[in-house]
Every structure is written in structure tokens, then in C-alpha cells.
1. Could you list, in sequence order, all residues of segment B:128-154 that are at negative phi, in contact with a Gly (Cβ under 9 Å, 6 or more places away or on another chain) and part of a loop (DSSP other than H, G, I, E, B)?
2. Quick check on segment A:37-61: of everything there that is in contact (Cβ under 8 Å) with a residue 24 or more places away in the chain and closer than 22 Å to A:ASP136 by Cα, which residue is nearest to the chain's Cα centre (by Cα)?
3. Among the numbered conditions (1) in contact with a His (Cβ under 8 Å, 6 or more places away or on another chain); (2) closer than 30 Å to B:ALA90 by Cβ, tell me where A:ALA104 comes up short.
4. Which residue is nearest to the other protein chains (Cβ to nearest Cβ), if the candidates are limited to segment A:109-121 and must be of a type in the set (D, E, K, R) and in a helix (DSSP H, G or I)?
5. Go over the candidates B:ASP266, B:ASP278, B:ASP243 one by one and state the one that is farther than 20 Å from B:SER50 by Cβ and out of contact with any Phe, Trp or Tyr (no Cβ under 7 Å at 6 or more places or on another chain).
6. Being in contact with a Ser or Thr (Cβ under 7 Å, 6 or more places away or on another chain) and either small (Gly, Ala, Ser) or farther than 18 Å from B:CYS72 by Cα (or both): is that true of B:ALA168 here?
7. For segment B:246-260, which residues satisfy the criterion of being of a type outside the set (Gly, Ala, Ser) and touching a Phe, Trp or Tyr at 6+ places or on another chain (Cβ under 7 Å)?
8. With respect to the numbered conditions (1) more than 14 Å from chain A (Cβ to nearest Cβ); (2) farther than 22 Å from B:VAL258 by Cα; (3) surrounded by fewer than 20 Cβ atoms within 10 Å (Cβ to Cβ), which one is the sole condition not fulfilled by B:ALA57?
Amino acid sequence: MNTRHIIAIGLVVFCFWPGSVSGPSLAPTKIETPSAEMLTATRDIKRIFASANPIDRVLWTECFLRVAQIVEADDINPHVIENSLTCRAFNRATMIFLWKGIGANHPAKYPGLAEAVEKSFREFAGDEVRVLTPEDRVKLAALYRAFAYAGTGKG
Amino acid sequence: MARFYGYEPDPDGTDLIVSGLPMPTLAEAGPRLRASTKEALLYPALLQCSPNWHRGAQGIGSCVGFGWAFCCDVLAAVEIAIHGEREEWAGRVLEASVYAFSRCEARNVKRAGMQDGSSGGAAALAVSEWGTLHYGIDYGETRFEAYDPQREKTWGNTGVPDELEPWAKKRCVKTVTLVRSFDEAALALQSGYPIAVCSGQGFVMTRDDQGFCRTRGSWSHCMAFVGVRFDRPGLLCVNSWGDSNTGEHYPKNMPEAVKKCSFWVDADVATYMLRGGDSFALSSYDGFPPRKLPDWGFQGVL
């Protein structure tokens, strides 16, 4: 862990932690255990994070918890994330801003991570450009939470 | 005023076309369809697929092109957003394609003349046999970005350019079926099938406190029915005159884009309009197959 990491994680935690005005906390976030199906789909991510830098694990977990919240908040018409193509752009922007930008993580820092995440996404959301249904949105939020859970190393 | 309308009844022509339809009536097209008093609104599917949708205004007497193209859009959206078909929303149907096919190719006419107008039956044949073109799609060297009334005028005389016909043929409506009453319309709409309605019935432009417009005068006009309700039985009618209607509406949360171009028609009035025998429900659209995503956005970043 270097100074950049500490600053980065401090910022993330400060920005995203609910009620963080009283000061950041590194207490582990309570995440509901994903379904067995989701746990299976994200097992490769969990394996990769088992040996990951603890700061990266916190960043990963916090990042995907908030991403899940954002997807759930996008429940008004017209949706911001209206189809799988905009969902892809959202994923990419989130990862560039948070994982790469704030977390200062370079691509392929964890070999196989991108492939594992892509595989989980394909399993649950297919690989076609299409409009997202309300059911898709529920599933997406659950998948993002499962990603977050995998980062904690539990399950 | 002529530019606001454009429906030219052609009872003999429509009879001939209907007699050649594989499933001319709703009883034949959907024998398993059952009536209920469940409200159905089809516009949310369209807005889900096309959040910035806004009703255009016809620039010539091309209401038949506008009414039918809009129904194709609604049908495509319903198939994607409600029926979950593996298709991709690829933009609006080019009104000029339906209008021109209905005036020339569907009637086997080389030159249809520069006057405006068409019929529901001819449009039924146009979308089911000749297909549709879309805005924003590359057709070789040609791409249509914006509505152009001059295109409608020209194509309305000459038909759709030959080189574009093969493209249009890929995007046909498989089933068009006559709708003759409010009950039949309700059944179709509850199944997700929009209705292109051609009639001579006119209306006031201001809705009452329940969203209905009362009848007034006569319009030789084509519009679209895309909703049904039963608290006060009626059909939701979408016009093609841009932002044309004012007053209260139902439901209260109807998005502005739909609110401004639509009104409810009482059931008895709807039946009167449909009884003319030139209004059709559309189903089963040959939509655009979905493209593959390159990835879900994580490659090259994680």
C-alpha cells in the first residue's frame, strides 16, 4: 500500500459511505449473501480477490455496492441506462473513474479479473444490444452486489 | 387544410386486399385471444425503446404514412420491451416509405400523381408485402436522417426508389387484420397490437377532464389507436399533427410527448370509426436482429 492508495481509498470511502460527514470508517460493509447462482457465477472473482491487496478489495466492494444502488435509482422514465449498450458504457466509465482513476489500478493488475467479470455478465445478461427490462435491472443490481460480495472474500 | 388529412377511402380496393389477407379478421388472426376489461397502454414500450421520441407533424396529406409508420414503431417496441423478442430497436419507420408503397407499388401503379392521399387497405398491403424503411439506417449510399415532406410528395408519385426496395422487404409486418369494433380493438390492444385507424370522423382539439375529445366535423384522416381503458370505455388515439392537443389527460403521469399529440375516443365513436372497414391491427414485425456487444465494458480497464 502506498500513499496514493491510502488517499484513493480514503476518498472513495468518504464519498460513498452513507452518512460519511462524521468521518470515514473502514468497518466492513454489511452485504447480503448473494444467491447460490450468483455465488457460482462470481467464484472466479472471489478467487482472484482472495489474494488481492486489502485496499483494492475495499475499493472493489464499495464501488460495486454503489453501482448497484445507482442502477436501482435509475427507475424513472426515460432511463439513463436504457439498453445493454449504455450499460456497457456505464460499466466502462465506472471502472475508468473509480478503479483506474481513483484507485490508480492499471489494467491487468489482477490477471483474469476482466475475463471473470465479463463471463459473469454474459451469463446473466447475454451479449446482445437490447433494451433493459425491469427484470434485467433487478438482475443487474443483484449481479453488481455479487461482485461486491466477491471482493470481500466471503462465501 | 388538405395537408392535415390525406385519407382517401377506397372500399373496393380495400375489399380486394382484405380478401387476399391470410388472416383477414381478428377471429382468424387470434382465435385464442380472449376479451377482458384490463386497461392496456402501448406507448410506454415505445418510450422505453426511444426515450426521446416526439410525434412529428405531417407536411403533406400523408396521414396514412404517418399513422401506419407509427403503428410499426409501436409494434416493434412492444415486441422488444414487452414480448421480449430478440430484436434491436433501430429507430423510427420512414413515413414516406409506407406512404409511397401504399400509393404506387401496392396498387401496381407506375405514377400515382402529385395529389395527396392513400387508403388503409393499400397501407396494409404496403407494410405486409413491400415492407418498411427506417431513419438512421445505412442503405448503401442512402441514409435518412430527418423528415422531408418533399420526399413524400416525390415518392408518393413515383414510389419508393427501386434500389431501396430490397432493404424495405426485410422489414415487413407479417400480419395485418381488419378491426371493426371497440371490442375487437380492445382485444388487439390488450395483445400488444396497435391499430391504424382510417375514418372520416373529426374531433375538437381540447380534451375534457377525463382526457376525451368530443366529435366535431369530419376529417378524412388516418391516426393510430395505442391504448384501451374501461373506467370510461375508450381508445387512446395518436394524431400526426405534432403537438396538437391540450387539456386534461389520462393517465395523469402520461409523458408530455404523448400527452400533446393524443386524446381518448369514446367506445361508441371508436366503433363508428372502425366500422368503415379500413382500419387494421398490426402484429408480428420482422424487426432488426440484435447486434452483438463487443464486451460489457471491463476489457482493457480491469
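The values are calculated or read from the model by the stated rules, or taken from the named source; none is laboratory data. Just so it is clear, the structure is predicted and the values come from calculations on it, not from any experiment. Glycine also receives a Cβ, built like all others from the backbone with ideal geometry; neighbour counts cover every protein chain displayed.
1. Correct list: B:TYR135, B:ILE137, B:ARG143, B:PHE144, B:GLU145, B:TYR147, B:ASP148.
2. Only one residue tops the list, namely A:THR61.
3. For A:ALA104, the exception is condition (2).
4. If we take residues in segment A:109-121 being of a type in the set (D, E, K, R) and in a helix (DSSP H, G or I), then A:GLU118 is nearest to the other protein chains (Cβ to nearest Cβ).
5. B:ASP278
6. Details: in contact with a Ser or Thr (Cβ under 7 Å, 6 or more places away or on another chain): yes; either small (Gly, Ala, Ser) or farther than 18 Å from B:CYS72 by Cα (or both): yes.
So B:ALA168 fits the description; yes.
7. B:TYR250, B:VAL258
8. It fails just one condition, (2).
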